[in-house]
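Visitor: Dropping the structure in here first, questions after.
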Amino acid sequence: MLRLVSSLVLPALALALAACNPSALSEEEKAVVASLSLDALPPLPADPTNRVADDRRAAAFGATLFFDTDFSANGAVSCGTCHQIDRQFQDDLPLAKGIGTTDRRTMPLAGVAWSPWQFWDGRKDSLWAQALGPMEDAREHGGDRTSFARLVAQKYRSRYEGIFGPLPELAGLPEHASPKGDAPAQAAWQAMPGDKRDEIDTVFANLGKAIAAFERSIQHPQTRFDRFAAALASGRKPEGDAVFSDLETEGLKLFIGKAQCVTCHNGPRFTDEHFHNTGVPAVPGLPQDRGRAQAVAQVLADPFNCQGRFSDAPDRCDELRFMIREGEELERAFKTPSLRGAASRPPYMHSGQIATLEEVIDHYSRAPASEGGHSELDPIIFTDRGRAALIAFLKTLE
Amino acid sequence: MSRRTIVLAALGAIVVVAVAGFVAMRFFMAAPEGLDLARSKATVNGHYRIAIEPEAEPVRQGPLHSWIVTLTTPDGQPVAGAQVAVDGGMPQHGHGLPTRPQASEIGDGRYRVEGVRFNMGGWWVLKLAVEGSAGNDEATFNIVL
């Protein structure tokens, strides 16, 4: 009898205990952990549409532009107003505030160069095209193209020309002109000859390209999770702050297992870079926001998109070429945000609808129906311990 | 019932529960057992034979990439001039492909399907619909990442 116990029951018991041990990771789980580690991040993707993407002078010029509040209608707003350098390049607000208040949450910037689509709805297909949007939005910088060109000529002529070549002749151009501005600015823009508009658009696009070159340098910092993953991958025992508590390990296992977070929050950036409807409620008082469904036409019509005449590689636009253009899946679909650093930057969702991580988990647990289109979520029941574990795990991504 | 029997029964129960939990957890993450992963098969109505292969191995989650489709008659003759349409998605998640792949003919009954992206791990299907000289037909391929 004793022999039976030792030969059959004890090995089975060992397997049972391994299955119960919250700290034990299966080989499959270890492979998923490795796929989430910063060590698995591919090299910075090239951006052939921006010929100065990897030019160090352009990046330095872009950094100057990024923080210069002169590029705004009231002289008080720069990219850095919402993308705050000491706050993961975001602003902790539910809705971004420039000159006015926008309809969306400011996105953090670490690792954005790995994203094929910019903004929550992907209405821009490059970092440089993205940078141009807020500069002319009346609620953000509220600027206009001829003012920007004139400011560059006054303040940064030699730096600009050292990178992009001679500035065009600006004498005689309207003070404020832009196809996106108020009615007088739009009228002034329409009154300009086509070749002058092209020259100004080129300067405007180049400002975006310099800012993009700077933004490409903003990397995800290594986290406790990455140190844990590195130890796991090399078969070492994690040491120091790479040691995960039982609660953190349970959270990790939930994240990549039953809670199915990793379905969308996958890869080293914890995002699939795609658009999903997760039933996040609309904000009362804001205009209807159809997310990706309204962005498709915008990116196709954008003169600064990959295929446009300001692109440096209009023949290399696979993302646009193979983009899904219609279908219910696009309704109220928003980009999966990276979860790196997310624990310390509430509020959450595309318009800051959810104030805390606890409430985010409530949302995924309840999986409410979407106010338009169909939510991809299925309800999940979490124990109190499971909720605490998920949050503990997310904090290892700081 | 002896004390030893009770202990053994209890141990046995623990083992059963734990192993069942372990298996369930693994099942949760995995594609269904016995999925047909063949990369070459006859189309549903038998008009053609289709083989698919990624232009570059391994197929990775994330990047846009291409597949080469080889279209032949059932007896192996290349089929030129067909229209190949691509659809697909993730049956377990109820969604389609994240992109709109397009096929173009490259000769010898071969077609390049560009613009494929698998943005998640797990079970994907690629459905190829063929309009060719032998009629309309289709085949569905399973891919597990």
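Each reported figure results from applying straightforward, stated rules to the coordinates on display, with no laboratory input. Bear in mind the structure is a predicted one, so any value in this text is a computation, not a measurement. When we count neighbours, we look across all protein chains shown, and the Cβ atoms used for this are built from the backbone with ideal geometry, even at glycine.
Visitor: Label points 7 Å out from Cα along the Cβ direction at A:Asn74 and A:Ala40: separation in nm?
Guide: 4.5
Visitor: Counting residues in the stretch A:278-320 as N, plug N into 2.2 N^0.38 Å and put the Cα Rg over that result.
Guide: Normalised Cα radius of gyration, the stretch A:278-320: 1.60.
Visitor: Something else about it: With 10 angstrom as the radius, rank A:Arg104, A:Arg292, A:Arg309 by how many other C-beta atoms surround their C-beta, starting from the fewest.
Guide: Ordered from fewest to most neighbouring Cβ atoms within 10 Å, A:Arg104, A:Arg292, A:Arg309 come out as A:Arg309, A:Arg104, A:Arg292.
Visitor: Separate question: Is there a quick way to get the dipole size of the stretch A:129-255? I mean about its Cα centre, with the Cβ of Lys and Arg at +1 and of Asp and Glu at -1; what is the value in debye to the nearest 20? Please list the in-between numbers first.
Guide: Numbers: 16 positive and 19 negative charges, 68 e Å.
For this selection, approximately 320 debye.
Visitor: Let me check I have the definition right: for the stretch B:81-138, take the eigenvalues of the Cα gyration tensor, multiply each by 5, take square roots. What are those semi-axes in whole Å, largest first?
Guide: 24, 13, 8
Visitor: Hey, got the average number of other protein chain Cβ atoms within 10 angstrom for residues in A:267-278?
Guide: Values: counts 6, 1, 1, 0, 1, 8, 4, 7, 2, 3, 1, 0.
Shielding by partners across A:267-278 averages 3.
Visitor: Do any GluC sites (Glu not before Pro) in the stretch A:109-172 lie in a loop, going by DSSP, with at most 12 other beta-carbon atoms within 10 Å of their beta carbon, and if so which?
Guide: Numbers: sites: A:Glu136, A:Glu140, A:Glu161, A:Glu169; in loops: A:Glu140, A:Glu169.
Qualifying residues, ordered by number: A:Glu169.
Visitor: Say we join alpha carbon atoms closer than 10 Å with springs in a Gaussian network model of chain A; which of A:Arg159, A:Arg123, A:Arg345 then has the biggest fluctuation?
Guide: Residue with maximal mean-square fluctuation among A:Arg159, A:Arg123, A:Arg345: A:Arg159.
Visitor: What is the packing order of peptides A:349-357, A:234-242, A:319-327, A:190-198, taking the mean over residues of other C-beta atoms within 10 Å and listing the highest first? Walk me through the numbers before you get to the answer.
Guide: Details: A:349-357: 17.9, A:234-242: 10.4, A:319-327: 16.1, A:190-198: 12.6.
Packing proxy ranking, top to bottom: A:349-357, A:319-327, A:190-198, A:234-242.
Visitor: Okay, next question. So if I take the centroid of the Cα atoms in the stretch A:334-354 and the same for the stretch A:208-236, what is the distance between those two points in Å?
Guide: Using only Cα atoms, the two centres lie 18 Å from each other.
Visitor: So if R0 is 45 Å, what FRET efficiency would A:Arg139 and B:Ser133 give, r being the distance between their Cβ atoms, rounded to the nearest 0.05?
Guide: 0.20
Visitor: Here's something else I'd like to know. Taking N as the number of residues in the stretch A:54-205, what value does Rg over Cα atoms divided by 2.2 N^0.38 Å take?
Guide: In units of the globular-protein estimate, the stretch A:54-205 measures up at 1.04.
Visitor: Let me ask another. Lysines within cross-link reach of A:Lys209: Cα-Cα under 16 Å, excluding same-chain residues under 8 positions apart?
Guide: Reachable lysines: A:Lys124.
Visitor: Have a look at A:Pro337, A:Pro166, A:Pro347 and tell me which one the Gaussian network model of chain A (Cα, springs below 10 Å) gives the largest fluctuation.
Guide: Ranking A:Pro337, A:Pro166, A:Pro347 by mean-square fluctuation puts A:Pro166 first.
Visitor: log10 I(q)/I(0), Debye, Cα-only chain A, no solvent, q = 0.09, 0.10, 0.14 Å⁻¹?
Guide: -0.60, -0.72, -1.26
Visitor: If you build the convex hull over the alpha carbons only and average its shadow over all orientations, what do you get for the stretch A:266-360? Give it in nm² to one decimal.
Guide: It is 7.9 nm².
Visitor: Here's another thing I want to ask about it. Report the full-extension gain for the segment A:Glu358 to A:Arg325: residue separation times 0.36 nm, less the Cα-Cα distance, to one decimal in nm.
Guide: 8.4 nm
Visitor: Averaged over peptide A:316-322, how many Cβ atoms belonging to another chain are found within 10 Å of each residue's Cβ?
Guide: 4
Visitor: Treat every Asp and Glu Cβ in the protein assembly as shown as -1 and every Lys and Arg Cβ as +1, leave all other atoms uncharged, and give the resulting dipole magnitude about the Cα centre to the nearest 20 debye.
Guide: Result for the protein assembly as shown is approximately 1340 debye, rounded to the nearest 20.
Visitor: For labels at A:Asp54 and A:Ala313 in the simple 7 Å Cα→Cβ model, what's the distance in nm?
Guide: 1.0
Visitor: Right, another one. Please work out, to two decimal places, the log10 of the ratio I(q)/I(0) at q = 0.28, 0.31 Å⁻¹ from a Debye calculation in which every Cα of the stretch A:221-278 carries one identical scatterer.
Guide: Here the Debye-derived log intensity ratios amount to -1.20, -1.25.
Visitor: Whole-Hz Karplus ³J(HN,Hα) for the stretch A:71-86, in order, using 6.51 cos²θ - 1.76 cosθ + 1.60 and θ = phi - 60°, x for Gly and Pro?
Guide: 7, 8, 5, 9, x, 10, 10, 10, 4, x, 5, 8, 8, 7, 4, 8
Visitor: Moving on to the next point. Using the Karplus curve 6.51 cos²θ - 1.76 cosθ + 1.60 with θ = phi - 60°, work out ³J(HN,Hα) for each residue of the stretch A:375-385 in order, rounded to whole Hz, and write x for Gly and Pro.
Guide: Using θ = phi - 60°, the values come out as 5, 7, 7, 10, x, 10, 8, 10, 7, 4, 4 Hz.
Visitor: For B:Leu64, what residues show an amide H to amide H distance below 5 Å, using hydrogens built from the backbone and excluding near sequence neighbours?
Guide: Here nothing satisfies the definition.
Visitor: Mind checking which of A:Leu167, A:Pro287, A:Phe225 is farthest towards the positive end of the stretch A:154-293's charge dipole, using Cβ charges of +1 (Lys, Arg) and -1 (Asp, Glu) about the Cα centre?
Guide: With unit charges placed on the Cβ atoms, the residue in question is A:Phe225.
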